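Here the structure comes first, spelled out in structure tokens, and everything after it is commentary.
The values are calculated or read from the model by the stated rules, or taken from the named source; none is laboratory data. Computed from a prediction, not measured in an experiment: that's the story for all the values here. Here the Cβ is made from the backbone with ideal geometry for all residues, glycine too, and neighbour counts use every protein chain on show.
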Amino acid sequence: MAEVLMCEANVSEGRRTAVLEALIAAVSAVEGVRIADWSADADHNRAVITFVGEPERVLEAAKVLAESALAAIDMREHQGEHPRQGALDVVPFIPIREVSKERAVEIARKFGAWLGSRGVPVYYYEDAATRPERQSLPKIRKGEYEALEEKLRDQAWEPDEGPAEFNPTAGATVTGSRFPLIAFNVNLRTDDLEVAKTIARAVRHINGGFKAVRGMGFALEERDMVQVSMNLVNYTETPIHRVLETVRSEAARYGVAVAGTELIGPVPLDALEEVVRFYLQVHDFTTEQVLETALLD
């Protein structure tokens, strides 16, 4: 079977359609790489572009995307709800098939070295982290773009690649390798931001919630709603349905209903197996029962 590596590039642009189309076209033009999914959010002013292929081809596509994003996005003008510190904010490489964690880390570090050589401060995180305190993305990104210039003066935050100098247009980029993460958002039928923030604190690990959940509350001003935006960093430890039902229960305390949910980017089929088991009560369901799975095999 062929090697398959996935890249889920997060760029700080979710409003300018022409820019996003140009980024997608740039990646699509790389031979041997396929766009698996892409999505953009105007309130977050952020897009996630996911592509797959053989490791070296994915590396090449990441470089092409970086060049296009850095040419089109100026962080001095960026405003959005989602935490960020760079135009090309986060670039994780995720092993999918016949690719080891070590190989994914190797690709991430090749990409980081290349990007750093072009004047962008780069930090390695998760499996590629060079020190324990840099494994966590939220810790690296604390203070966001607005605090980056001062942060780079601190020797403790010298980048892993690139200059320890503030790049006002590009900001900084975080790259590495990790377990497949599920970006899961729950939208609530209220415009009370404090409700979303309180629920996010209830479910995220840092405040005593689920071990594999990171979360924040955001206002969706264009939709007159608020959102509990989460990263499920290990769906085998904390499945989707458990998080959703907890958010639903916490929201009910305030008389607030769930308006809908969002899955950002591709989702592993195994993660949906638990969703089917829970909501349909088919307790012995497996993904092998999915017709398309059998056809692919």
Let me spell it out: the conditions are (1) at pLDDT 95 or above; (2) over 19 Å from P92 (Cα atoms); (3) surrounded by fewer than 16 Cβ atoms within 10 Å (Cβ to Cβ), and A113 meets all of them except one. Which number is the exception?
(2)
Given (1) among the hydrophobic types (A, V, I, L, M, F, W, C); (2) under 21 Å from H82 (Cβ atoms); (3) more than 21 Å from the chain's Cα centre (by Cα), identify the lone condition not met by I140.
(3)
Give the residue, chosen from T236, T190, T261, that is modelled with pLDDT under 95, over 30 Å from W157 (Cα atoms) and not in a helix (DSSP H, G or I).
T236
If we keep only residues of segment 207-222 that are touching a residue at least 40 places away in the same chain (Cβ under 8 Å) and out of contact with any helix residue (DSSP H, G or I) (no Cβ under 7 Å at 6 or more places or on another chain), then the residue nearest to A259 (Cα to Cα) is L220
Look through A271, A196, A202 and report the one residue that is crowded, with 17+ Cβ neighbours inside 10 Å and touching an Asp or Glu at 6+ places or on another chain (Cβ under 6 Å).
A202
Of G86, G176, which residue is of a type outside the set (A, V, I, L, M) and under 24 Å from Q227 (Cβ atoms)?
G86
Taking segment 91-141 as the search range and keeping residues that are of a type in the set (G, A, S) and in contact with a strand residue (DSSP E or B) (Cβ under 6 Å, 6 or more places away or on another chain), which one is farthest from D160 (Cα to Cα)?
A104
Out of P92, P180, sole residue that is modelled with pLDDT under 95, outside any helix (DSSP H, G or I), in contact with a Phe, Trp or Tyr (Cβ under 9 Å, 6 or more places away or on another chain) and buried (at least 16 other Cβ atoms within 10 Å of the Cβ)
P180
Does segment 252-281 hold any residues that are over 12 Å from I240 (Cα atoms), of a type in the set (V, I, T) and more than 19 Å from the chain's Cα centre (by Cα), and which are they?
V256, V258
Which residue out of V228, V243 is part of a helix (DSSP H, G or I) and surrounded by 12 or more Cβ atoms within 10 Å (Cβ to Cβ)?
V243
Name every residue in segment 258-268 that is surrounded by 18 or more Cβ atoms within 10 Å (Cβ to Cβ) and on the phi > 0 side of the Ramachandran plot, in order of residue number.
G265
